[in-house]
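Notes follow the structure.
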Amino acid sequence: MTDRRMGVAVRLLVFLPFVITCNADEGSSPGAGGSGGVPLDAGLNPDASLSECVSNEGVRLCGTKAGCFEHGPYCDCDYSGGELLEFSVCAEGFTMERPCGYCHDGELCVVFYDHYPICVSEDLGRLFWERGGGDLVWYADGTPYTGEPIPQPPSCPEQVGELTLCGGGCGGCGPAKYCSGRSPTHPWGIWQDYSFGHCYLGQCGEGEACLILNANPINENWPHPYKCVDEADCAFYEANVPGGVSCE
(Lines give C-alpha, C1' and ligand atoms only; values in the text may rest on other atoms or scores of the structure.)
Protein backbone atom coordinates (compact mmCIF):
# COMPACT_ATOMS: atom_id res chain seq x y z
CA MET A 1 0.00 0.00 0.00
CA THR A 2 1.35 3.46 -0.90
CA ASP A 3 2.02 6.04 1.83
CA ARG A 4 -0.89 8.15 0.53
CA ARG A 5 -3.37 5.27 0.63
CA MET A 6 -2.13 4.32 4.10
CA GLY A 7 -2.75 7.88 5.28
CA VAL A 8 -6.25 7.89 3.83
CA ALA A 9 -7.01 4.48 5.32
CA VAL A 10 -6.00 5.71 8.78
CA ARG A 11 -8.29 8.72 8.39
CA LEU A 12 -11.19 6.50 7.39
CA LEU A 13 -10.66 4.16 10.33
CA VAL A 14 -10.51 7.12 12.69
CA PHE A 15 -13.67 8.60 11.22
CA LEU A 16 -15.94 5.58 11.22
CA PRO A 17 -16.68 5.50 14.97
CA PHE A 18 -16.84 9.28 15.07
CA VAL A 19 -20.19 10.85 15.85
CA ILE A 20 -20.79 14.56 16.07
CA THR A 21 -21.15 15.74 19.65
CA CYS A 22 -22.16 18.95 21.32
CA ASN A 23 -19.05 20.41 22.90
CA ALA A 24 -20.44 23.47 24.61
CA ASP A 25 -20.24 23.45 28.38
CA GLU A 26 -23.22 21.95 30.11
CA GLY A 27 -25.32 24.65 31.65
CA SER A 28 -24.44 27.19 28.97
CA SER A 29 -27.36 29.28 27.86
CA PRO A 30 -28.09 31.52 24.90
CA GLY A 31 -25.81 34.54 25.01
CA ALA A 32 -23.61 32.99 27.70
CA GLY A 33 -19.85 33.02 27.36
CA GLY A 34 -18.10 29.93 26.03
CA SER A 35 -14.40 29.13 26.40
CA GLY A 36 -12.54 32.30 27.41
CA GLY A 37 -15.75 34.34 27.45
CA VAL A 38 -16.29 34.05 23.68
CA PRO A 39 -20.00 33.99 22.82
CA LEU A 40 -21.23 30.50 21.95
CA ASP A 41 -22.31 31.72 18.52
CA ALA A 42 -19.31 33.85 17.67
CA GLY A 43 -18.42 35.84 14.57
CA LEU A 44 -20.11 39.00 15.74
CA ASN A 45 -21.38 40.77 12.66
CA PRO A 46 -23.91 43.49 13.49
CA ASP A 47 -25.36 43.21 9.98
CA ALA A 48 -25.70 39.44 10.10
CA SER A 49 -28.92 37.86 8.99
CA LEU A 50 -29.76 34.29 9.86
CA SER A 51 -31.41 33.93 6.47
CA GLU A 52 -27.92 34.28 4.92
CA CYS A 53 -26.47 31.67 7.28
CA VAL A 54 -28.91 28.78 6.89
CA SER A 55 -28.81 26.21 4.08
CA ASN A 56 -31.87 25.03 2.19
CA GLU A 57 -32.13 21.98 4.44
CA GLY A 58 -32.09 24.17 7.57
CA VAL A 59 -28.46 23.76 8.72
CA ARG A 60 -27.07 26.95 10.25
CA LEU A 61 -23.46 28.12 10.08
CA CYS A 62 -21.61 29.46 13.11
CA GLY A 63 -18.04 30.06 14.27
CA THR A 64 -15.65 32.90 14.99
CA LYS A 65 -15.28 33.99 11.34
CA ALA A 66 -18.64 33.02 9.83
CA GLY A 67 -20.26 36.38 10.58
CA CYS A 68 -23.50 34.64 11.46
CA PHE A 69 -24.23 35.88 14.96
CA GLU A 70 -27.68 37.16 15.77
CA HIS A 71 -29.44 37.28 19.10
CA GLY A 72 -32.26 34.81 18.96
CA PRO A 73 -32.38 31.03 18.50
CA TYR A 74 -29.71 29.27 20.51
CA CYS A 75 -26.92 27.70 18.49
CA ASP A 76 -24.79 24.89 19.90
CA CYS A 77 -21.66 25.66 17.87
CA ASP A 78 -18.92 23.05 18.12
CA TYR A 79 -15.57 23.36 19.84
CA SER A 80 -12.21 21.83 18.98
CA GLY A 81 -9.59 21.62 21.70
CA GLY A 82 -11.58 23.97 23.91
CA GLU A 83 -11.78 26.70 21.29
CA LEU A 84 -14.59 27.65 18.97
CA LEU A 85 -13.97 26.76 15.35
CA GLU A 86 -13.67 29.52 12.76
CA PHE A 87 -16.37 27.84 10.67
CA SER A 88 -18.76 25.15 11.79
CA VAL A 89 -22.48 24.41 12.02
CA CYS A 90 -25.01 24.45 14.79
CA ALA A 91 -25.45 20.92 16.05
CA GLU A 92 -29.23 21.09 15.87
CA GLY A 93 -30.48 19.62 12.61
CA PHE A 94 -27.07 18.41 11.39
CA THR A 95 -25.82 14.84 11.33
CA MET A 96 -22.48 13.65 9.95
CA GLU A 97 -23.39 10.70 7.76
CA ARG A 98 -20.47 9.85 5.46
CA PRO A 99 -16.79 10.75 5.10
CA CYS A 100 -15.62 12.11 1.77
CA GLY A 101 -14.85 9.40 -0.72
CA TYR A 102 -18.40 8.14 -0.12
CA CYS A 103 -20.37 11.22 -1.16
CA HIS A 104 -23.61 10.73 -3.07
CA ASP A 105 -24.26 12.40 -6.39
CA GLY A 106 -24.43 16.19 -6.08
CA GLU A 107 -22.71 16.45 -2.69
CA LEU A 108 -19.60 18.42 -1.74
CA CYS A 109 -16.97 17.87 0.96
CA VAL A 110 -16.34 20.19 3.90
CA VAL A 111 -13.47 19.76 6.37
CA PHE A 112 -14.66 19.79 9.99
CA TYR A 113 -12.47 19.87 13.10
CA ASP A 114 -9.44 20.73 10.93
CA HIS A 115 -9.16 17.24 9.45
CA TYR A 116 -12.52 15.45 9.11
CA PRO A 117 -13.76 15.74 5.50
CA ILE A 118 -17.52 15.24 5.55
CA CYS A 119 -20.07 14.93 2.73
CA VAL A 120 -22.59 17.77 2.72
CA SER A 121 -25.19 19.11 0.32
CA GLU A 122 -23.98 21.40 -2.45
CA ASP A 123 -26.03 24.20 -0.93
CA LEU A 124 -24.39 23.87 2.50
CA GLY A 125 -20.91 23.65 0.99
CA ARG A 126 -21.56 26.75 -1.06
CA LEU A 127 -22.70 28.55 2.09
CA PHE A 128 -19.31 27.84 3.74
CA TRP A 129 -17.62 29.18 0.61
CA GLU A 130 -19.75 32.34 0.48
CA ARG A 131 -19.16 33.13 4.17
CA GLY A 132 -15.35 32.95 3.85
CA GLY A 133 -14.62 29.29 4.54
CA GLY A 134 -13.81 28.39 0.93
CA ASP A 135 -10.52 26.68 1.82
CA LEU A 136 -12.55 24.05 3.70
CA VAL A 137 -14.73 23.10 0.73
CA TRP A 138 -13.92 20.57 -2.00
CA TYR A 139 -15.73 18.82 -4.80
CA ALA A 140 -16.28 15.10 -4.30
CA ASP A 141 -13.35 14.23 -6.57
CA GLY A 142 -10.91 16.14 -4.34
CA THR A 143 -10.61 19.31 -6.41
CA PRO A 144 -10.96 22.69 -4.63
CA TYR A 145 -14.44 24.17 -4.68
CA THR A 146 -14.63 27.33 -6.81
CA GLY A 147 -18.32 28.18 -6.52
CA GLU A 148 -19.00 26.67 -9.94
CA PRO A 149 -22.06 24.42 -9.67
CA ILE A 150 -21.75 20.69 -10.22
CA PRO A 151 -22.67 20.33 -13.91
CA GLN A 152 -25.72 18.59 -15.28
CA PRO A 153 -24.46 17.02 -18.53
CA PRO A 154 -27.09 16.88 -21.27
CA SER A 155 -26.23 13.32 -22.30
CA CYS A 156 -25.17 10.06 -20.68
CA PRO A 157 -21.88 8.41 -21.65
CA GLU A 158 -21.51 4.87 -22.87
CA GLN A 159 -20.02 2.34 -20.47
CA VAL A 160 -16.21 2.51 -20.36
CA GLY A 161 -15.07 -1.09 -20.23
CA GLU A 162 -16.62 -2.49 -17.07
CA LEU A 163 -16.82 0.98 -15.52
CA THR A 164 -20.29 2.57 -15.48
CA LEU A 165 -20.24 6.35 -15.51
CA CYS A 166 -23.20 8.02 -13.87
CA GLY A 167 -24.80 11.13 -12.45
CA GLY A 168 -27.04 14.00 -13.36
CA GLY A 169 -29.88 12.79 -15.55
CA CYS A 170 -28.34 9.38 -16.18
CA GLY A 171 -30.54 7.57 -13.69
CA GLY A 172 -29.78 5.76 -10.45
CA CYS A 173 -27.41 2.93 -9.71
CA GLY A 174 -29.88 0.58 -8.04
CA PRO A 175 -30.27 -0.24 -4.32
CA ALA A 176 -26.78 -1.72 -3.86
CA LYS A 177 -24.73 1.10 -5.42
CA TYR A 178 -24.54 4.88 -5.55
CA CYS A 179 -22.97 7.46 -7.87
CA SER A 180 -20.07 9.56 -6.58
CA GLY A 181 -17.38 12.01 -7.66
CA ARG A 182 -18.97 14.53 -10.00
CA SER A 183 -17.48 18.02 -10.31
CA PRO A 184 -16.72 20.57 -13.04
CA THR A 185 -13.67 18.41 -13.78
CA HIS A 186 -15.59 15.12 -13.75
CA PRO A 187 -19.02 15.69 -15.34
CA TRP A 188 -19.83 12.03 -14.61
CA GLY A 189 -19.08 10.04 -11.49
CA ILE A 190 -18.58 6.32 -10.98
CA TRP A 191 -20.73 3.66 -9.37
CA GLN A 192 -19.61 2.63 -5.91
CA ASP A 193 -20.69 -0.18 -3.60
CA TYR A 194 -22.08 0.48 -0.11
CA SER A 195 -18.97 -0.74 1.70
CA PHE A 196 -16.21 1.08 3.56
CA GLY A 197 -12.54 1.07 2.75
CA HIS A 198 -11.91 -2.16 0.89
CA CYS A 199 -10.10 -0.44 -2.00
CA TYR A 200 -8.08 2.03 0.07
CA LEU A 201 -7.23 -0.66 2.58
CA GLY A 202 -5.60 -2.75 -0.13
CA GLN A 203 -8.31 -5.39 -0.24
CA CYS A 204 -8.85 -5.59 -3.99
CA GLY A 205 -8.62 -9.11 -5.38
CA GLU A 206 -5.66 -10.74 -7.05
CA GLY A 207 -4.96 -9.10 -10.39
CA GLU A 208 -6.99 -6.03 -9.45
CA ALA A 209 -5.97 -2.43 -8.82
CA CYS A 210 -7.64 0.46 -7.00
CA LEU A 211 -9.03 2.89 -9.55
CA ILE A 212 -9.34 6.36 -8.02
CA LEU A 213 -11.39 9.18 -9.50
CA ASN A 214 -9.00 12.09 -9.24
CA ALA A 215 -7.84 15.15 -11.10
CA ASN A 216 -5.28 17.95 -11.09
CA PRO A 217 -4.81 19.74 -8.79
CA ILE A 218 -5.27 16.67 -6.60
CA ASN A 219 -5.43 16.66 -2.82
CA GLU A 220 -3.04 13.81 -2.06
CA ASN A 221 -4.51 13.11 1.37
CA TRP A 222 -8.11 13.06 0.21
CA PRO A 223 -10.28 9.93 0.16
CA HIS A 224 -11.45 9.95 -3.46
CA PRO A 225 -14.21 7.84 -4.98
CA TYR A 226 -12.73 4.46 -5.89
CA LYS A 227 -13.44 1.07 -7.41
CA CYS A 228 -11.51 -2.19 -7.70
CA VAL A 229 -10.88 -2.98 -11.39
CA ASP A 230 -8.79 -5.42 -13.41
CA GLU A 231 -5.23 -4.14 -13.29
CA ALA A 232 -4.78 -4.94 -16.99
CA ASP A 233 -7.51 -2.43 -17.87
CA CYS A 234 -6.04 0.54 -15.97
CA ALA A 235 -4.33 2.17 -18.94
CA PHE A 236 -7.60 2.00 -20.88
CA TYR A 237 -9.53 3.68 -18.05
CA GLU A 238 -6.89 6.36 -17.56
CA ALA A 239 -7.14 7.24 -21.26
CA ASN A 240 -10.92 7.15 -21.58
CA VAL A 241 -12.63 8.38 -18.39
CA PRO A 242 -13.49 12.10 -18.76
CA GLY A 243 -11.62 14.18 -16.17
CA GLY A 244 -9.06 11.50 -15.38
CA VAL A 245 -8.56 8.51 -13.10
CA SER A 246 -5.52 6.72 -11.73
CA CYS A 247 -4.80 3.17 -10.63
CA GLU A 248 -2.74 2.15 -7.61
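The values are calculated or read from the model by the stated rules, or taken from the named source; none is laboratory data. Model, not experiment: these values are computed from the prediction. No Cβ is skipped: glycine too gets one built from the backbone with ideal geometry, and neighbour counts run over all protein chains shown. Surface accessibility is based on the protein's heavy atoms, side chains included, excluding ligands, DNA and RNA. Shrake-Rupley method; radii C 1.70, N 1.55, O 1.52, S 1.80 Å.
Residue order by solvent-accessible surface for Phe236, Phe112 is Phe236, Phe112, largest first, with ligands and nucleic acids left out and a 1.4 Å probe.
Over all other residues within a Cβ to Cβ distance under 13 Å of His186, the charged ones net out to -2, with Lys and Arg as +1 and Asp and Glu as -1. Take each peptide in 157-164, 226-233, count the other Cβ atoms within 10 Å of every residue, and average; sorted highest first, the result is 226-233, 157-164.
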